[in-house]
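To start, the structure itself, in structure tokens.
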Amino acid sequence: MAMTASSRSASAAGAQDGERSPFARLTELLSPYTPGKPLINMSIGEPQHPVPGFVGPVLASHISDFGRYPIAKGIEPFRQAAAGWASRRFGLTKAIDPDTEILVLNGSREGLFFAGIAAARYVSPRKGTPAILMPNPFYPAYAAGARAAGCEAIFLPTTRENGFLPDLESLSAETLDRTVAFYLASPANPQGSVPSRAYFDRVKQLADRHGFIVLSDECYSEIYTGEAPGSMLASAGNDFANVVAFQSLSKRSNLPGLRVGFVAGDKNFLARFHELRNVAAPQVPVPLQHVAVAAYGDETHVDENRRLYRIKFDLADQILGNRFGYRRPAGGFCIWLDVSAHGGDEAATVRLFRDGGVRVIPGSYLARPQADGSNPGAGYIRVALVQQDSETTAEALHRMVDVLNEARGS
Ligand SMILES: Cc1ncc(COP(=O)(O)O)c(C=O)c1O
């Protein structure tokens, strides 16, 4: 088979296509083309709503704290604010202990990555090659974490047929016995699926039975237009054994550049994770933790944020209707469109950019091929509804309908 431009440069760099940044691959795919209309970028999940008004004043009043090295576990006011917020928000029967059951993170990405390494060190020896489970498609830090941990990454296809959630009952005892960690995403990126309470309960049961840790990525939990998503922590009992959940202010508070999040749950795992973080992970500047204290103490800006996303999803409902398999997701701000009848994901991405000036990302770039060669992201595009104003969103959606309808069957 002829090598594509992207596979040539990938092998030159020594990495498989699936291991490279999806965005680097997208840049390569689109590099021969210029946008046919003023560019609207919907490829990156970077919130564009306004930064909350309290950020500047809080930062200004803590400027002198830039003169201190931050401690790895986070300042006490941060741990109290974040633990209190999560315990209330998810109706936990036992509140998260701010001393032992929470650590600050420099955004959830680095935490998810380092947690894979910590998990491989923490769990008891496995029968066979240690493995880390993850959905497919998935957020790239999961596979990077599994690789750095020296574990086999096991990709669990998430498709329309299984409600875009890994099929837990398809996992063999042999696989579960060698699993050290399970990255679970709720709401999932890219499809926005949210597990039921029964699903979370079953994950906890499997983790306890087989002795692995659940790394539950919940950074989109505050972006929803219907029912508020639950947390894996609510299914983890009073000691949160074998479960940790990751949170972030990037999406909840439109602060992707602040780099503040946290991980909460199993105190035994977090003690070991803290040891690793203390020597290897990025600390979080103290003034930024004070901003986070203010953010977790305020829901007004979060409600406003959800209102703005709701307007965009209402537009998607109107403009897309049931085209391209569109359905409003249970959570998150991405839409996942089936373009298999419109030239496939790479060809549709090129056309949308070249003819419509809309930049999206091919679904196959967000997933890995399964053992049978099928890629569960193939045939889909991910569209991030992150533009600040609804007029731009409406314009992009109209252009997408026009361009894709022209490409039907091509
Ligand atoms: C599913 C998912 N998890 C984690 C992250 C990391 O976010 P942050 O490091 O900003 O908290 C992202 C960012 O887009 C994401 O989409």
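The values are calculated or read from the model by the stated rules, or taken from the named source; none is laboratory data. All figures in this text were calculated on a predicted structure; none of them were measured in a lab. Using ideal geometry, Cβ is built from the backbone for each residue, glycine included, and neighbour counts are taken over all protein chains shown. Please note that ligands, DNA and RNA were not included when accessible areas were found on the heavy atoms of the full protein model with its side chains. Shrake-Rupley method; radii C 1.70, N 1.55, O 1.52, S 1.80 Å.
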Given (1) aliphatic (A, V, I, L, M); (2) under 19 Å from the mean Cα position of the chain (by Cα); (3) open to solvent by less than 10 Å² (accessible area, probe 1.4 Å), index of the condition I154 fails: (3)
Conditions (1) within 20 Å of the chain's Cα centre (by Cα); (2) away from the ligand (no atom under 16 Å from the Cβ); (3) at negative phi; (4) open to solvent by 10 Å² or more (accessible area, probe 1.4 Å): number failed by G163: (3)
Counted residues, the stretch 107-138 - those being touching a Pro at 6+ places or on another chain (Cβ under 8 Å) and assigned to a helix (DSSP H, G or I): 2
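Could you list, in sequence order, the residues of the stretch 52-106 that are basic (K, R) and not in a loop (DSSP other than H, G, I, E, B)?
R79, R88, R89
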Those residues of the stretch 217-228 which are within 13 Å of the ligand (Cβ to nearest atom) and either touching a residue at least 60 places away in the same chain (Cβ under 8 Å) or surrounded by fewer than 20 Cβ atoms within 10 Å (Cβ to Cβ) (or both), in sequence order: D217, C219, Y220, S221, E222, I223
Residue match in the stretch 204-212 (condition: within 24 Å of G107 (Cβ to Cβ) and in contact with a helix residue (DSSP H, G or I) (Cβ under 8 Å, 6 or more places away or on another chain)): no
Top-ranked residue of the stretch 103-129 - restricted to ones that are of a type outside the set (A, V, I, L, M) and near the ligand (Cβ under 10 Å from one of its atoms), ranked as surrounded by the most Cβ atoms within 10 Å (Cβ to Cβ): G111
Failed item in (1) assigned to a helix (DSSP H, G or I); (2) modelled with pLDDT under 95, with Y365 passing the rest: (2)
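May I ask you to verify whether S186 is closer than 24 Å to K251 by Cα and open to solvent by less than 30 Å² (accessible area, probe 1.4 Å)?
yes
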Qualifying positions in the stretch 62-102 - open to solvent by less than 60 Å² (accessible area, probe 1.4 Å), touching a Gly at 6+ places or on another chain (Cβ under 9 Å) and β-branched (V, I, T): I96, I102
Criterion (free of Cβ contacts under 8 Å to residues at least 60 places away in the same chain, closer than 21 Å to Y199 by Cβ and in contact with a strand residue (DSSP E or B) (Cβ under 9 Å, 6 or more places away or on another chain)) met by exactly one of A245, A236: A236
Selection from the stretch 330-374 of residues that are under 28 Å from E218 (Cβ atoms), surrounded by fewer than 22 Cβ atoms within 10 Å (Cβ to Cβ) and among the polar types (S, T, N, Q): Q370
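In the stretch 26-50, what count of residues is obtained for those that are modelled with pLDDT of 95 or more and either of a type in the set (S, T, N, Q) or within 27 Å of the chain's Cα centre (by Cα) (or both)?
Residues in the stretch 26-50 being modelled with pLDDT of 95 or more and either of a type in the set (S, T, N, Q) or within 27 Å of the chain's Cα centre (by Cα) (or both): 12 in total.
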Yes/no for P137 being at pLDDT 95 or above and either open to solvent by 20 Å² or more (accessible area, probe 1.4 Å) or among the basic types (K, R) (or both): no
Some residue of the stretch 130-149 being more than 23 Å from the chain's Cα centre (by Cα), over 16 Å from L276 (Cβ atoms) and more than 16 Å from the ligand (Cβ to nearest atom): yes
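Against the definition (closer than 24 Å to H62 by Cα and open to solvent by 10 Å² or more (accessible area, probe 1.4 Å)), how does G257 come out, yes or no? Walk me through how you get there before you give the answer.
Details: closer than 24 Å to H62 by Cα: yes; open to solvent by 10 Å² or more (accessible area, probe 1.4 Å): yes.
When the stated conditions are applied, G257 passes them.
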Qualifying residue in the stretch 316-323 (condition: surrounded by fewer than 17 Cβ atoms within 10 Å (Cβ to Cβ), in contact (Cβ under 8 Å) with a residue 12 or more places away in the chain, under 22 Å from the mean Cα position of the chain (by Cα) and within 30 Å of L404 (Cα to Cα)): no
Members of the stretch 236-257 found to be within 17 Å of L112 (Cα to Cα), within 16 Å of the ligand (Cβ to nearest atom) and either at pLDDT below 95 or not small (G, A, S) (or both), listed by number: V244, F246, Q247, L249, K251, P256
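Counting only residues that are in a loop (DSSP other than H, G, I, E, B) and buried (at least 18 other Cβ atoms within 10 Å of the Cβ), how many does the stretch 295-315 have?
Total meeting the criteria: 0.
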Criterion: closer than 23 Å to R368 by Cα, at pLDDT 95 or above and open to solvent by 10 Å² or more (accessible area, probe 1.4 Å) - qualifying residue of V194, V214, V180: V194
